[in-house]
Each structure stands twice: as structure tokens, then as C-alpha cells.
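K.L.:
Shown below is the structure under consideration.
Every number in this text was worked out from the coordinates using simple rules, so none of it is lab data. Here the structure is a predicted model, which is why all the values come from computation and not from measurement. Note that each Cβ is placed from the backbone with ideal geometry, even for glycine, and that neighbours are counted across all protein chains shown.
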Amino acid sequence: MLKVAVTGASGRMGKMLIEAVMAAEDCQLHATLDKGDDVRAGLAGADVLIDFTRPEATLDHLAICADLGVKAVVGTTGFEPAQKARIAELAQHTAIVFAPNMSVGVNVVLKLLDMAARAMNEGFDIEIVEAHHRNKVDAPSGTALQMGQVVADALGRDLKQCAVYGREGVTGVRDPSTIGFATVRGGDIIGDHTVLFAGTGERIEISHKASSRGIYAQGSLRAARFLAGQATGLFGMNDVLGFAA
């Protein structure tokens, strides 16, 4: 049995993760952790932590995981570059799966985007539109940014240089080298992402729409099972799904 600890236990994602762990025949719920809990005590004896909280809290949790030898699945988004570098450092001491989206479907879409961008590398304008619930605090979403990174890499572009995150007023003619992002926040939208390749005479849209947070929980458990065979290292969902060469 894989002994799983879950942080953010009182949140919507935390509750979904707890339900998924309890329903899995090969997993045991080792601890549920929330604000004010003794994380070190809760993680003692656990095999893996699943963390969907906030960047600062996640980094604190990962430091304890590295110290105790507990593996970790991180679905938290909104990390700054220095914080991502810290995750890579901690992965030298334990095994970590770090992905902005744990959905199997989203990660299949990322592979499709790589193929589409390589094929449509000329004559197509690329825009990424994402929508989430009113309580999401970071924008664009981590998934939208990862989609943009996949497309930029496939096209040989630097996303930092070509990304456009907002348009207002007289913006002039669209620069064909840019990748645009648009963000929608409202209601209880779990997560919608669309990448638009707009050419002359044709338009291709590659979309993923989530109707349940259960997809993230199931993907997280798949990542946790993958970590059972790893000692140390930083991994993504490509590794979990066998896409990485």
C-alpha cells in the first residue's frame, strides 16, 4: 500500500484528493494536513505527499519531504523562477513530480500542441485562451503558460520575448511572432484551455475542458505511483505517462 499524505485538506482540491486516495485499492491515506498542522509530524512515515496549495507553503513542505525522504507530487501553480529552481534543488534529495496540470488529458493535449506548432510554423497566429473560477489567484494559469512554452519551444522562440498578456487601446497590427494569452475568471469554471492557430482560410483549435477536479486527483495518484520507482529527481507528467524519450 502506498501511504499518501495530502496538504490543503480543507480546500476543494484537497477534499477531492482525499476521496481519490481513500477509493484507491493500492493507496492508504496516511495524513491530512492543513494550516496550523504539524507538517513534519504528519509526514513522518509517509511514502508520498500530494500538494496543491500555494508556492510558499509548498516549498516549506518540500523542504520537510527532502529531509524525511518523503516523495512529493506538486500541482501548485504560480511559482517564480527562483522558486522553481529551489524545487529542482530539493529534488536532489527526494523524488518530485512537478506539473502545472496533473490531468492526463491536458498532457496529451501538450503533445498534440507540439506536433501542431511544428506543422503550422508559418502563416498562423497563435492565441491561448483560458478560463477558471473566480477564486483562482494567478493568471495566466500554469497550464496556459505551459501550453505557451510547448508551442514556443516547438517554434524555436523565447516565450519571455514573444508572449503578449494583454491588449488595450490602439495596439497596431499583430506581430506574427507573438503568442497571445487571454484570461477569463468567473463563476465555478474548473478549467478550460484553448490554443487557437489562426491562418488564412482556416482555423485550428485544440481544447481541453475540465468538468470535474477528479481528473487532477486521478492524475496525481498516477504520478504518486510513478514515484514509487524513483529515488531522487525532478519529473513531469511526460515522465509519468511515458512520453519522455
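K.L.:
Taking H as built 1.01 Å from N, whose amide H comes closer than 5 Å to the amide H of L2, not counting residues under 5 places away?
P.N.:
C27, Q28
K.L.:
Could I have the simple spin-label model distance between A44 and A88, label points 7 Å from Cα toward Cβ, reported in nm to one decimal?
P.N.:
Inter-label distance under the simple model: 3.5 nm.
K.L.:
Let me ask another. Helix-derived [θ] at 222 nm for the chain: sum -39500 (n - 2.57) over DSSP H runs of at least 4, divide by residue count, nearest 500?
P.N.:
Rounded to the nearest 500, the figure is -11500 deg cm²/dmol.
K.L.:
Also, quick follow-up: Place a +1 charge on the Cβ of each Lys and Arg in the stretch 1-94 and a -1 charge on the Cβ of each Asp and Glu, then give the dipole magnitude about the Cα centre in debye, rounded to the nearest 20.
P.N.:
So the dipole magnitude of the stretch 1-94 works out to roughly 140 debye.
K.L.:
Under 5 Å between amide H atoms, partner at least 5 residues away or on a different chain: which partners does V164 have, H built in plane at 1.01 Å?
P.N.:
Under 5 Å from the amide H of V164 lie the amide H atoms of I179, G180, F181, each far enough along the sequence or on another chain.
K.L.:
May I pose another question? What's the exposure ranking of I126, I189, going from fewest to most Cβ atoms within 10 Å?
P.N.:
Result, fewest neighbours first: I189, I126.
K.L.:
Mean-square fluctuation check for the chain, GNM, Cα pairs under 10 Å: which of A154, A91, A20 is largest?
P.N.:
A154
K.L.:
With the contact rule set at Cα under 8 Å and sequence spacing of 6 or more, what percent relative contact order holds for the stretch 103-245?
P.N.:
32
K.L.:
If you don't mind, there's one more thing I want to ask. Contact order normalised by length for the chain, with contacts defined as Cα pairs under 8 Å and 6 or more residues apart; what percent is it?
P.N.:
Averaging sequence separation for qualifying contacts and normalising by length gives 22 percent for the chain.
K.L.:
Right, here's the next one. Please report the antiparallel percentage of the DSSP beta bridges confined to the chain, to the nearest 5.
P.N.:
Around 35 percent antiparallel, to the nearest 5.
K.L.:
Along its three principal axes, how long is the stretch 104-210 when you only count alpha carbons? Whole Å, largest extent first please.
P.N.:
Per principal axis, max minus min of the Cα coordinates gives 37, 37, 27 Å.
K.L.:
While we're looking at this one, here's another question. Out of the GluC sites (Glu not before Pro) in the stretch 27-122, which ones are loop residues according to DSSP with at most 11 other C-beta atoms within 10 Å?
P.N.:
Within the stretch 27-122, the qualifying GluC sites (Glu not before Pro) (loop, at most 11 other Cβ atoms within 10 Å) are E122.
K.L.:
Something else now. Can you report the principal axis dimensions of the chain using only the alpha carbons, biggest first, rounded to whole angstrom?
P.N.:
58, 39, 33
K.L.:
Follow-up question, since we're still on this one. About the Cα centre, and with charges only on the beta carbon of Lys, Arg (+1) and Asp, Glu (-1), how big is the dipole of the stretch 65-121? Nearest 20 debye, please.
P.N.:
Once rounded to the nearest 20, the dipole reads 160 debye.
K.L.:
I've got another one for you. Mind checking which of V108, V170, V129 has the largest fluctuation in a GNM of the chain, springs on alpha carbons under 10 Å?
P.N.:
V170
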